[in-house]
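Reviewing the structure listed below.
The values are calculated or read from the model by the stated rules, or taken from the named source; none is laboratory data. Predicted, not measured: the structure shown is a model, and the values here were computed from it. We place every Cβ from the backbone using ideal geometry, glycine too, and count neighbours over all the protein chains shown. With ligands, DNA and RNA removed, areas are computed over all heavy atoms of the protein, side chains included. Shrake-Rupley method; radii C 1.70, N 1.55, O 1.52, S 1.80 Å.
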Amino acid sequence: MSAVFDFKADPNAASPLYMQLAQSLATAIRDGVFHADEALPSERVLAEQLELSRVTARKAIDRLVEQGLIIRKRGSGNYIAPKLEQPLTRLTSFSEELHQRGFVPGSRWLLRGFTPAAPDEQLSLELKSGERVARLERLRLADSVVMAYEVSVLPQSVLPDPQKVEASLYTHLGERAPVRALQHIRALNADAKLAGLLEVPLGAAVLFITRVGYLASGQAVELTHSYCRSDYYDFVAEMRRD
């Protein structure tokens with residue numbers, strides 16, 4: 001256990017001991033005492049170092065696993081979950097954002113191909129009825145942890161060979177990548193399909209993000225729907241008062 005983590009139980013608190021420990025650990029994680037992918041001591045070691053019962057330590061860890069702050073890796077131990085803080089004032093790709101924050105980005109491809117444009121896609125991308133679009137569906141990973149399910153749709157003229165897209169869509173597009181985007185964010189509850197893809201409980205809160213990307217000319221070239229795990233994502237906006 002890191003020497004800077006100090007836990008002292010409050011005998012007068014209404015919450016049980018394991019909840020006090022869970023709250024103290026959660027605060028330490030959010031304050032950066034522990035870092036993403038850092039291994040925590042085993043429940044036995046944790047209990048011994050803090051002079052608590054193993055039942056208390058296990059229930060505290062269980063609580064943090066439920067909150068998405070800790071990941072259990074079978075046969076390996078407990079690790080701090082990655083957390084992606086994404087500013088809303090800068091247009092970057094998922095891969096670029098992860099690289100900048102020290103994570104290893106990855107993708108688990110579900111679909112790379114062509115399909116007819118759906119009505120909402122025709123409207124967003126200003127396409128003609130029946131026009132085909134390149135469709136990319138994948139799970140976005142940070143350090144092998146599923147962070148989001150993403151569906152990107154682009155005009156066939158912009159992405160003539162979706163099979164060639166590997167890690168970063170924007171890197172692949174090069175000069176055809178968007179330079180401006182409009183983004184809408186709302187919350188929804190995961191249905192059975194989405195819960196299975198994101199590895200979260202049925203009904204878990206998910207951030208649903210719709211983004212339309214534009215070239216400098218004003219042409220819409222990307223429509224992306226992202227379903228992000230709310231336990232792993234923070235969106236940050238800086239606001240100023242005139």
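For the stretch 150-175, which residues satisfy the criterion of being open to solvent by less than 10 Å² (accessible area, probe 1.4 Å) and assigned to a strand (DSSP E or B)?
Those that are open to solvent by less than 10 Å² (accessible area, probe 1.4 Å) and assigned to a strand (DSSP E or B): Ser152, Val153, Leu154, Pro155.
Mind listing just one residue for me: the one in the stretch 25-73 that is hydroxyl-bearing (Ser, Thr, Tyr) and surrounded by fewer than 18 Cβ atoms within 10 Å (Cβ to Cβ) and, of those, modelled with the highest pLDDT?
As a first pass, look at the stretch 25-73 and keep what is hydroxyl-bearing (Ser, Thr, Tyr): 27, 42, 53, 56.
Then drop every residue that is not surrounded by fewer than 18 Cβ atoms within 10 Å (Cβ to Cβ), which leaves 27, 42, 53.
Working: Thr27: 79, Ser42: 82, Ser53: 90.
Looking at residues that are hydroxyl-bearing (Ser, Thr, Tyr) and surrounded by fewer than 18 Cβ atoms within 10 Å (Cβ to Cβ), I get Ser53.
Restricting the first residue to the stretch 158-175 and requiring it to be over 20 Å from Gln219 (Cα atoms), which pairs with a second residue that is open to solvent by 20 Å² or more (accessible area, probe 1.4 Å) and at pLDDT 90 or above meet a Cβ separation below 6 Å and a spacing of at least six or different chains?
Gln163/Arg112; Val165/His172
For Met19, which of the numbered conditions (1) modelled with pLDDT of 80 or more; (2) surrounded by 17 or more Cβ atoms within 10 Å (Cβ to Cβ) fails to hold?
It is condition (2) that Met19 fails.
What is the residue count in the stretch 10-41 for residues that are hydroxyl-bearing (Ser, Thr, Tyr) and within 16 Å of Ala81 (Cα to Cα)? I'd like the intermediate steps shown before the answer.
From the stretch 10-41, those hydroxyl-bearing (Ser, Thr, Tyr) are 15, 18, 24, 27; that's our starting set.
Keeping just the survivors that are within 16 Å of Ala81 (Cα to Cα) gives 27.
Total meeting the criteria: 1.
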